[in-house]
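Notes follow the structure.
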Amino acid sequence: MATRPKKQVSVINACLLAGRILIENGSEMTRVIDTMQRIAHNAGIDSAQMFVTVTGIVVSLDDTPNAQVTSIERRTIDLGKVARVNELSREFAEQKLSLGMLIKRLQRIDNDIHTFPFWIRLFAASLLSAVLLIVFTQDYIDAPTGFVIGGIGYSVFYFFNRQFKVQFLSEFVASLTIGILAAIAVRVHLGVYIDNIIIGSIMPLVPGVPITNAVRDLVSGNLISGPARAVEALLSSVAIGSAIVCVLHFV
């Protein structure tokens, strides 16, 4: 009987840790709940009750007197960590990992701050700007300008967000920079169409994953997380759009 409560605590800890990592790194709620339930089920616990939102997770077991809670303090996009948690869940289901090993591997993922080097992310943002400029506008002339300005805009967002940790303000400043640089590029004849340059350059800042997750949460019936993520995506869109409107108003 002494080992049973210890196992229950370990199951709760594993579920909370896996769920927190998934939410913090951009997973939709359906995946979070499914992964947590699978971990509990594969650990031999069929009575796990879970309540998940974008700001916190509550997990309880029928045989335990108290629920356990963890808060979500940050949210970013790192689908690599999401994939790694899902892989661990599958390995645990196949009994390739013990419960203790699962928790240790989850802690390793949580503490792992390694990501793509900045120069790779910068190149990807620049390339995305140029490619989507062509896709959306059928304009090849401004693609090189969009490549450069998109990279500069992403750099401003990246460093400003690291310094102040206010995403909406960072998106506003980065979009303002993009709009000003696009206007300057057209004035000095390094670009032709300011609208096309702006459209391509802001694409790395557009909250595509939050919008997608908001729709998926709403469709799956998560009427708390869905609207919350939709509001978050809307605020990002307003920050980007407001900056561009400010620039175009004075051009």
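The values are calculated or read from the model by the stated rules, or taken from the named source; none is laboratory data. The model shown is predicted, which means the values in this text are computed figures rather than measured ones. Using ideal geometry, Cβ is built from the backbone for each residue, glycine included, and neighbour counts are taken over all protein chains shown. With ligands, DNA and RNA removed, areas are computed over all heavy atoms of the protein, side chains included. Shrake-Rupley method; radii C 1.70, N 1.55, O 1.52, S 1.80 Å.
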task = Can you give me the span-like helices of the chain, meaning DSSP H runs with 24 Å or more of Cα extent along the axis and Kyte-Doolittle mean at or above -0.5?
result = 3-24, 118-137, 143-164, 167-187, 225-250
key: Neighbour cut-off at most 13 other Cβ (10 Å), DSSP loop, chymotrypsin sites (Phe, Trp or Tyr not before Pro), the stretch 112-151   = TYR140
message = Run lengths n ≥ 4 of DSSP H only: what is the helix-derived mean residue ellipticity at 222 nm for the chain, with -39500 (n - 2.57) per run over all residues, to the nearest 500?
response = -23000 deg cm²/dmol
ask   = Taking trypsin sites (Lys or Arg not before Pro) that fall in a DSSP loop and have at most 11 other Cβ atoms within 10 Å as cut points, what is the longest piece of the chain between them?
value = 166-251
From the coordinates shown, Cα extents along the principal axes in Å corresponds to which of (1) 74, 44, 40; (2) 78, 32, 32; (3) 89, 37, 34 = (2)
ask   = How about the stretch 48-131: which GluC sites (Glu not before Pro) there lie in a loop by DSSP and see at most 13 other Cβ atoms within 10 Å?
value = GLU73, GLU94
key: FRET efficiency, SER71 to HIS41 (Cβ-Cβ, R0 25 Å, nearest 0.05)   = 0.50
key: Taking the chain and dividing mean pair separation by its residue count, relative contact order in percent (alpha carbons under 8 Å, at least six apart)   = 18
ask   = Does the stretch 4-111 come out rounded, prolate or oblate, given a ≥ b ≥ c as the square roots of the eigenvalues of its C-alpha gyration tensor, rounded meaning a/c under 1.5 and, failing that, prolate meaning a/b above b/c?
value = oblate
note = Placing each pseudo-label 7 Å from Cα in the direction of the beta carbon, ASP110 and LEU169 end up separated by a distance in nanometres of 2.9
inquiry  = Using the basic label-point model (7 angstrom from Cα toward the beta carbon), what is the VAL192 to PHE118 distance in nanometres?
reply    = 3.5
inquiry  = For a quick check: with amide H placed at 1.01 Å from N, whose amide H comes under 5 Å from GLY56's, ignoring anything fewer than 5 positions away on the same chain?
reply    = ILE72
Per residue, in Å², the accessible surface of the stretch 152-251 once ligands and nucleic acids are set aside, probe 1.4 Å = 53
